[in-house]
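Below: the structure, in structure tokens.
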Amino acid sequence: MNKKAYFILLFFIAFSSIEAQNTKQKVRVYLLAGQSNMDGRGDGSKLTSEDLARLQKAKEKVTLAYYTFSKKQSAPLYVTKSPDFVKKKFGIDSYFGPELFFGIEMSEKYPDDKILLIKRAIGGTSLYGCWNPDWTKEKASLMNEEKKPKLFSNFISYTKDILSQYNAIDYEICGMLWVQGEADSNVKKYGPIPAETYGINLKNLIYSVRDEFQAPNLPFAVLEVGYGNVVEGMKTVSSQMQDVTLIPCSTDPKSPNYRPTYGPPVGHYNYEGMKQIGIDFAKVFE
């Protein structure tokens, strides 16, 4: 082989390698965060045979990396075993949050893709305190969270740790799901400031996540939970910021956006409600 043909061959090999990398299907990554309704209280025992068949198929494509309480687990999409306090309060042995039917739906919408869900959630936590990118002891103390994790930085470091297991060219962060607002809505317990500043803090959270992952247009979906100034803050942010979607959600049975909850304790979505919420999120990211 002469020198010219040799260099042409090297060029062809290099070009083919680059083309193969560019056409390789990337892992779709979705970030999930919030308080107890993101953690989820959907009763796993209520999953139908059809649900379970769909889940079994989704497991082939969807991985859930979940950091809750003091445990970290990464495995094919799964239903979570209930800790003792969930068993006692809700009488359920296993539960799921929005990730379950979101993952199932997304695996069916993108059957040729791998999907990675990275989730961090702790019940009762606030955006004003734990989840605030601009955390201060004073803000955390107002919410009685000074001894709880600094969840924003904790969530970011956990996400980066999971992603470090992949080559950067092999994945794409496609969106974030946010389910939080109940704690900040509790004006009787915490006063008006957390609710009044919720919109500002939510906007800061979105900007901070996008900045951390160098994704200025990262789609962000927010579930309408809580009430009063918190919901007004969500509406303002979704109307003002690009690629932010507010998913309407109501506990009023007469509303078209009704998503059923348990009886006492109120405010936690049951099997039917959580299933539909997962589907609602999937529609945002079609």
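The values are calculated or read from the model by the stated rules, or taken from the named source; none is laboratory data. None of the values given here were measured: they were computed from a predicted structure. FYI the Cβ positions are ideal-geometry reconstructions off the backbone, even for glycines, and counts take in every protein chain you see. Areas reflect the complete protein model, heavy atoms only, side chains present, ligands, DNA and RNA absent. Shrake-Rupley method; radii C 1.70, N 1.55, O 1.52, S 1.80 Å.
Observations
- Cα Rg, Dmax, the chain, angstrom units: 20.9, 84
- Share of alpha-carbon pairs per 10 Å distance bin for segment 69-131, given as whole %: 16, 42, 32, 10, 0
- Principal-axis analysis of the Cα atoms of the chain puts helix 151-163 at an angle of about 30° to the longest axis.
- The packing ranking, built from the mean of other Cβ atoms within 10 Å per residue, places the peptides 175-185, 160-170, 72-82, 221-231 in the order 175-185, 221-231, 72-82, 160-170, highest first.
- A convex hull fitted to the Cα coordinates of segment 136-286 yields 143 cubic angstrom per residue.
- Taking a ≥ b ≥ c as the square roots of the Cα gyration tensor eigenvalues, segment 187-253 comes out oblate, since a/c reaches at least 1.5 and a/b does not exceed b/c.
- Computed magnitude of the charge dipole of the chain (debye, nearest 20; Cβ of K, R +1, Cβ of D, E -1): 620 debye
- D161 paired with Y227, simple spin-label distance in nm, labels 7 Å along Cα-to-beta-carbon: 3.8 nm
- Coil-residue trypsin sites (Lys or Arg not before Pro) of segment 206-286, DSSP, other Cβ within 10 Å capped at 16: K254
- Charge dipole of the chain about the Cα centre (unit charges at C-beta), most positive-ward option of L177, T197, I92: I92
- Solvent-accessible surface (1.4 angstrom probe) belonging to M241, in square angstrom, nearest 10: 20 Å²
- Given charges at Cβ of Lys, Arg, Asp, Glu: the chain dipole, positive-most of S239, P260, I118: I118
- Summarising the amide proton neighbourhood of N270: residues at separation of 5 or more, or on other chains, whose placed amide H is nearer than 5 Å comprise T261, Y262.
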